[in-house]
Structures are given as C-alpha cells and as structure tokens.
Amino acid sequence: MAMMMNAAASVIKTFASISPMTRALHASPGSKKIVGVFYKANEYASKNPNFVGSVERALGIRDWLESQGHQYIVTDDKEGPDCELEKHIPDLHVLISTPFHPAYVTAERIKKAKNLQLLLTAGVGSDHIDLQAAAAAGLTVAEVTGSNVVSVAEDELMRILILVRNFVAGHNQVVNGDWNVAGISYRSYELEGKTVGTVGAGRIGKLLLQRLKPFNCNLLYHDRLKMDSEMEAQTGAKFEEDLDAMLPKCDVVVINMPLTEKTKGMFNKEKIAKLKKGVLIVNNARGAIMDTEAVAEACSSGQIGGYSGDVWYPQPAPKDHIWRYMPNQAMTPHISGTTIDAQLRYAAGTKDMLDRYFKGEDFPAQNYIVKEGKIASQYQ
Amino acid sequence: MAMKRAATSVIRTVCGPVVADPLPISRSLHASPGSKKIVGVFYKANEYASMNPNFVGCVENALGIREWLESKGHQYIVTDDKEGPDCELEKHIPDLHVLISTPFHPAYVTAERIKKAKNLQLLLTAGVGSDHIDLQAAAAAGLTVAEVTGSNVVSVAEDELMRILILVRNFLPGYHQVISGDWNVAGIAHRAYDLEGKTVGTFGAGRIGKLLLQRLKPFNCNLLYHDRLKMDPEMEAQTGAKFEEDLDAMLSKCDIVVINTPLTEKTRGIFDKERIAKLKKGVLIVNNARGAIMDTQAVVDACSSGQIGGYSGDVWYPQPAPKDHPWRYMPNQAMTPHISGTTIDAQLRYAAGTKDMLDRYFRGEDFPAQNYIVKEGIVASQYL
C-alpha cells in the first residue's frame, strides 16, 4: 500500500498514562485503525450513488483511507458484549459514528479502548458519548457542526404543519378506504396567527425561525443567549428569558437543544401539565429530553394534541417502544439529518477532519465537542 | 316572522321554462319579498360536531347561520345527501331559491338540475372553486354564481408547502415504519432530500400560488412560475420567483411541480400520460387544486413506474373518492381527503363570507366584485 503521510508536528506519546495530555491528537506514523458505525442499507445501497451514509458506502472514503495505508472497518453491529464493534474497541484509534445509528461510547468502552484517540460524529450530536469520561481520558471528540442544520430546520417545519393540519389522520383515512372530512377538519388549523415557541435558538432554531417568518405566526424563542437585534428582526422572533413563562403561551413547541445533563428528562409530567391543553410538540433534538412515559400519557389524554419527531431513546427504537402506538403521534425513525444532501456534507466534513488528524492540524473550531480535557459549553 | 324588505329590490316573476327563456336578466338577483328556501350541502360531522364550537362547516353546525336565517323568516335545509335521483338534495331542487355547497363535499349542479330548479337564483360556494357547477348552463339560465374568494388562500398555501416537504423528505415511509414496529433508516434516507437548492415550479400563480412562493422563499430553492399573467417586478422580488412563459419548458426543469390553477375546460386532464412523461424522472407533484386536472390512470401508472417519485394532494375526482379509487393504493402517494381549505380558520372565514353574501342578496346589494364566478350571463375569466 502507498506510503503514509508523516505529519511534521506529530508527537508520539505513550498510551499507558492517563493524564489528558497523553492522547494528543496527532496521528503517530503508521497505519491507523479506523472503525465506522453506520446504518445498513441492504437493498437500498445501490439505489442512489450519493447514499454515502450507509455501511455499504462507508462515507465514500474507503479508497482514500486504504490508499493511505490505514485500516477501515465498517459495521452496523454495535450492541452487546459480542458485537462486531466490541471486538475492535481494544485497538482502534478512531471511532466514527452517526446519531442515526449511534455507537454508545460508555466510560467502560473508553477504558477498554487503549489506542483510542479520536471520536468523530458523522453528523451533529455527540450525546451518545460519555463526554466527561472522554474528557478525563484525554480524547478528542468532534462533529461536523452545521452539516445538518438546514435539513433539520426544514424537517421541523414540515412536522409543525403535519400536526397543525392533522395530516396523518387524513392519510390514514385514504389508505383505509375512508372519506370523512369532519374526522380531520374538526381539529385542523392554519399555522398563521398561532404562537410557536422554540426551546433553544442555536443554528437550527434560527434557521427554523427564518423559515417560519412568512407564515405570520407569533414567534417566541428561549435560549441561553439572546440574539442580536438584527437577527431578531430577520427571524421576527421575541426573546423569552423565562422558559416556564414562554411555554404556556405556545400552541406549538419545538425542541432545539442538545441532550445534556441539564436537559435530560426536562419535559416531564409536571412541565407537560403546564403547557396549553392540546399543545403540539415537535422534537427532532433528542428523545431523552422528554420523559418517555409522560409523553405517552399526555398524548393519550389529549394534553398533548400532537407529538412529532425523529428522535427516540434508545435508538434504534425497539419494536415495542410506546411512542409507536400512542395516539396523536407523527413519528419517524431518526432521519431528518441524514438526507442525501446532509450525508454528502457530513461525509465530506468527516473526511476533512480525518485528513487534518493525519496531518496533525486542528479541526474547524466549531467542530470540537471535547478538546484537551474541556467539554464544549452547550454540553455543560 | 317579519322579513327585511330591501328598498331597491325589484320583483320579477320567474315564469316559463328556464331553458326556453334565454335572457340572462330573467332571474336578476334580488330577493323578492317572502320567505326564501335556502339549501346547504355540507359534510356530516357526526361525533366530531360537538368537539369544537368553531366547527361551523359541517351539516350539524350549518355555517352557524341557522338562527339568523330563520329569524328572518327563511327556510334553511341542510343535508349531506347529494348523490343520485332519490337523494335529499334532489327533493328540494324544484323549489329552492339558493343552493350553498362546498368543494369538500360538492353538490354537482348539472345542466339537468339547473333545468329542474325553477326557483333557483343563486349558487353560493362556501369556499373557493365552483367547478362542481356547469357554469355555462348557469350563465345561460341567468343564475348568479359566487364564492368566498380568498377564504382559503392561506390554508391551501400552507398545506401545499407541507406536502412539498412530506414528499421531498420522504416522511410517510418513515411513519409507516414506526407504526409497523420497524426501524430502517436506509429505507427512508436513500431518497430523502433537503428542499434547499431544488427547482420548484408552480403551474398557476394566482392568490394561492403567490402565497406559496412567499412561504417558499426562505428555503433557498430555485422558484419558477407559469401563469396567464406575469407578476409585476415588485411581487416577483417578494416571491423570488422567475416567470416561465412556456409551461412545458418550465415543467422539464422542475424537481417539484405544484398545481395552482382552477379546473376549467382548458385545464381538465391537462396532466395526461404525454405531459407526465416529459417531466423529470422521479418528479414530485403537489396538487391541491382539482383532481380532474390530472388524468387519473396516468398518475397511477407514473407512480407505479417511478416516473412520479411522489404525488400528494387533497383533491380527487369524484369527491368523495370511492373506496376503490386507484390513488388510494398506488405507491409513492401522500394523499388525504379534501381538507386543506376547510381548516377551522377557513371555515370561520367562508361561513362569514357566505352569510355576508346572503345578507346582500336579501337586500338587493352587489357582492364583493371578486366573489362573482357567473354574473349576468358572463363567466369569470379564470374559468374561460
């Protein structure tokens, strides 16, 4: 195989010690073992030449990696002590995973992974990694920030409309041979004039607000940071400092925060009870931000008039996950950030970071989630 | 009960068979004194009628105008039974003065029914779209046909954008997996795309088309429109859309086609096998306009072959769609019954607009100009 690139700045450290500096992110010379965990496409793999996010296409970087002398192992088998991923934990250098089929990188796995230096998320959202453990072990964690933002914002707006217009009930009638306009229209509304609040107004939240603007809603946002006035004018949204003051005003609530220790289970029975009766909720953020059981109960009682999202805990969602069978839901598997367009973006971004890793160069600053023992602020 | 008498009302007799008298003014639209018989055809709500006080568009709530009409001494009969020679509607055809109908459960007002309806003066559409009426026959018979122009425009534009996203993002296969207990991201993602950067063309850019384009603007697509009329430059800037004078030239460029024309003799069946074959392979089509603009079987064939990658709309021919309508069972579809213009918000608007026109009819006053579809023997230009 062709020669490997030797980074001028690379520093060789031993892996035996545990201080954060010991696993500096410079590829030592020699072949690296890179493992990628993606979802399997099976018969769909060949249907679209741009379907790079699957196991079969492996981000489209196999040739490139192998031509540099590296080992690239790709699997979808990630759960349990006997899975394919577990076999490679002890000696892999880099682990690539995606939120759509996440490899849960626990403290235990980190301990076993003696060669591990770099955890890359092909996509956005690194909560499937124990970030504290990764920081303590001196690992670097990075994602392809921005690769999914348009995709998810579009998808959220689609779900808002699906819920507010009661689309799923209509489609179900069609495939069941029915026609009962009243059974849909008694609770089908325009989005115009309704109050929509986004919990979190980062990259995705802002793009959503911009797309909502021509709908002439009452737009509210809650975030750690207030937007500058120019951005507020662009989005037409009003800042709500107090989340619990914003929520009861909303006809529609959209979740746009990462999953962190602070946000885990935030939408529990108490918080849901304070929302408007019949509220519509869109959650493409993370399933674990919601209390699973509380959502199912509220959908059954009608406290939640409609719940739509593409995120679950855990993923893949088991066959008997209660959100599949509760009323008032418009769920899908985790797809919003893995459109073909987004796949091409995160494949390119992952390749770019691997390239920089081999060369000993820094990544784009906004991609770091854990760097030199520090966790990015949005995860604290 | 006392009735209001309009100062300017003129009494005309309606005599002789309607068909023999070709003069358009023989049924001038002023309510003669006396009780009028008003028939409304709406969809039934059954158990849903009481679930929402604003659910005015159903038979049970009858646009919310029963008390108002009856307090003026008029007779108001409301039914959903509209098909066949023995239906409830047919019983009232011979003597009704006003017939109100909605596109969501349309009463097909044929030339035959017009002939039988000796007292008929006014056909009102509670909503938008009067193609369920034989407009030429109505014009020849001197009837007035009017609809609540604008009552549905926001509703339908929002709904069209929803359907564009549902198709381009491949939502329904995802939903079906969920309720089937499955999880197969690849089965959805292999043909899920962002809307950004795609070419979207609207066939027709009237009220609804323009509102759709405005809502599409922040998605950063390539927006095209074809219409009888070119927009002024200010509106083009607002919508960010480019005029395409030649429909077929536009269609061949589109990843997504949205139908926004009324159903007229010119547009009936315009999307036939030949035209569909000229679209991009895998094109996505959204049609909330009228089912009969499409050739039913041609759409089925194209969805089955993949020439149409996704078809979504709320309109069918006929309506209600029968249990065995092939669009229910073809692949690549995201259909619903006819609902986009009958949101609660739209119902309140078209109920208010219908009441307003009835009020003007009783007083002998004109309707808002844009509401007329047939007036004094002339059919509105969009239907020609």
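The values are calculated or read from the model by the stated rules, or taken from the named source; none is laboratory data. Predicted, not measured: the structure shown is a model, and the values here were computed from it. Heads up, the Cβs are rebuilt from the backbone with ideal geometry, glycines too, and the neighbour counts pull from every protein chain shown. Each accessible area value is taken on the protein alone, full model and side chains, heavy atoms only, with ligands, DNA and RNA left out. Shrake-Rupley method; radii C 1.70, N 1.55, O 1.52, S 1.80 Å.
For chain A, give the magnitude of the charge dipole about the Cα centre (Cβ charges: +1 Lys/Arg, -1 Asp/Glu; no others), in debye to the nearest 20.
340
With a 1.4 Å probe and all protein chains kept in place, how do B:Ile93, A:Ile204 rank by accessible area, largest first?
Ranking B:Ile93, A:Ile204 by accessible area, largest first, yields A:Ile204, B:Ile93.
Leaving ligands, DNA and RNA out of it, work out the accessible area of A:Asp251 with a 1.4 Å probe and give it in Å² to the nearest 10.
Looks like 40 Å² after rounding.
Count charges around B:Thr343 for me, please; just the other residues with Cβ under 10 Å from its Cβ, Lys/Arg as +1, Asp/Glu as -1.
Local charge sum for B:Thr343: -2.
Largest first and in whole Å, give the semi-axes of segment A:252-352's equivalent ellipsoid, each being the square root of 5 times a Cα gyration tensor eigenvalue.
27, 14, 12
So if I average 1/r over every pair of distinct C-alpha atoms in segment A:96-143 and take the inverse, what Kirkwood radius in Å does that give?
10.5
For segment A:168-231 and segment A:263-300, what is the centre-to-centre distance using only Cα atoms, to the nearest Å?
17
How large is the accessible surface of A:Asp320 in square angstrom, using a 1.4 angstrom probe and rounding to the nearest 10?
Accessible surface of A:Asp320 is approximately 110 Å².
Bin all alpha-carbon pair distances of the protein assembly as shown at 20 Å intervals from 0 and give each bin's fraction as a whole percent.
16, 43, 28, 10, 3, 0
Would you be so kind as to list the residues of segment A:45-83 that have their accessible area lowered by at least 50 Å² in the full protein complex compared with their chain by itself (1.4 Å probe)?
Residues passing the criterion (a loss of at least 50 Å², heavy atoms only) do not exist in segment A:45-83.
At 1.4 Å probe size, put A:Lys111, A:Lys47 in order of accessible surface, largest to smallest.
Putting A:Lys111, A:Lys47 in descending order of accessible area: A:Lys111, A:Lys47.
What does the structure give for B:37-44 when I average, per residue, the other chain Cβ atoms found within 10 Å of the residue Cβ?
The shielding value for this peptide is 1.
Can you show me the helix-derived [θ] at 222 nm for chain B, built from DSSP H runs with n ≥ 4 at -39,500 (n - 2.57) apiece and divided by the number of residues, rounded to the nearest 500.
For chain B, the value works out to -8000 deg cm²/dmol.
Among A:Val181, A:Val164, A:Val37, whose mean-square fluctuation peaks in a Gaussian network model of chain A (Cα, cutoff 10 Å)?
A:Val181
What net charge is computed for the residues neighbouring A:Ala365, neighbours being all others with C-beta under 15 Å from the C-beta of A:Ala365, Lys and Arg scored +1, Asp and Glu -1?
Residues close to A:Ala365 contribute a combined charge of -1.
Considering only protein heavy atoms and a 1.4 Å probe, what is the carbon-and-sulfur percentage of the accessible area of the protein assembly as shown?
Taking all protein chains in place, the protein assembly as shown shows 53 percent carbon and sulfur surface.
What is the Cα convex hull volume of segment A:61-113 when expressed per residue in Å³?
For segment A:61-113, the hull spanned by Cα atoms encloses 82 Å³ per residue.
Would you kindly find the accessible area of A:Met158, with a 1.4 Å probe and non-protein molecules such as ligands, DNA and RNA excluded, rounding to the nearest 10 Å²?
The accessible area of A:Met158 comes to roughly 0 Å².
How charged is the neighbourhood of A:Asn48? Take every other residue with its Cβ under 10 Å from the Cβ of A:Asn48, and add Lys/Arg as +1 and Asp/Glu as -1.
+3
Compute the normalised compactness of chain A: alpha-carbon radius of gyration over 2.2 N^0.38 Å, N being the residue count.
Against the empirical 2.2 N^0.38 Å value, I get 1.05 for chain A.
How much of the DSSP beta bridge set in chain B is antiparallel, as a percent to the nearest 5?
Around 10 percent of the beta bridges assigned by DSSP in chain B are antiparallel ones.
Using the Cα centre as the reference, give the magnitude of the dipole from point charges on the C-beta atoms of the protein assembly as shown (Lys, Arg: +1; Asp, Glu: -1; all else neutral), rounded to the nearest 20 debye.
The calculation lands at about 440 debye.
Where in chain A are the DSSP H helices whose C-alpha atoms run 18 Å or more along the long axis and whose mean Kyte hydropathy is at least 1.0?
Sorted by number, the helices that extend far enough and score high enough are A:149-164.
Taking each residue of A:169-176 in turn, how many C-beta atoms of other protein chains fall within 10 Å of its C-beta, and what is the average?
If you average over the peptide's residues, the count of other-chain Cβ atoms is 6.
Ranked from the most accessible area to the least, with a 1.4 Å probe and all protein chains present, what is the order of A:Tyr313, B:Tyr350?
Ranked list, largest accessible area first: A:Tyr313, B:Tyr350.
Please compare each pair in B:Lys230/B:Lys266; B:Lys278/B:Lys323; A:Lys111/A:Lys374; B:Lys37/B:Lys355; A:Lys194/B:Lys242; A:Lys194/B:Lys230 to a cut-off of 21 Å on the Cα-Cα distance and tell me which ones are over it.
With Cα atoms farther than 21 Å apart: B:Lys278/B:Lys323; A:Lys194/B:Lys242; A:Lys194/B:Lys230.
Give me the 1.4 Å probe accessible area per residue for the protein assembly as shown, excluding ligands and nucleic acids, in Å².
On a per-residue basis, the protein assembly as shown sits at 38 Å².
Between chains A and B, what is the buried accessible area summed over both chains (1.4 Å probe, protein heavy atoms, nearest 100 Å²)?
Using a 1.4 Å probe, the pair buries roughly 6000 Å².
Please express the shape of segment B:39-168 as an equivalent ellipsoid: the semi-axes are the square roots of 5 times the eigenvalues of the C-alpha gyration tensor, given largest first in whole angstrom.
26, 20, 14
What are the equivalent ellipsoid semi-axes of segment B:117-232, built from the alpha-carbon gyration tensor (square roots of five times its eigenvalues), in whole angstrom, biggest first?
39, 21, 11
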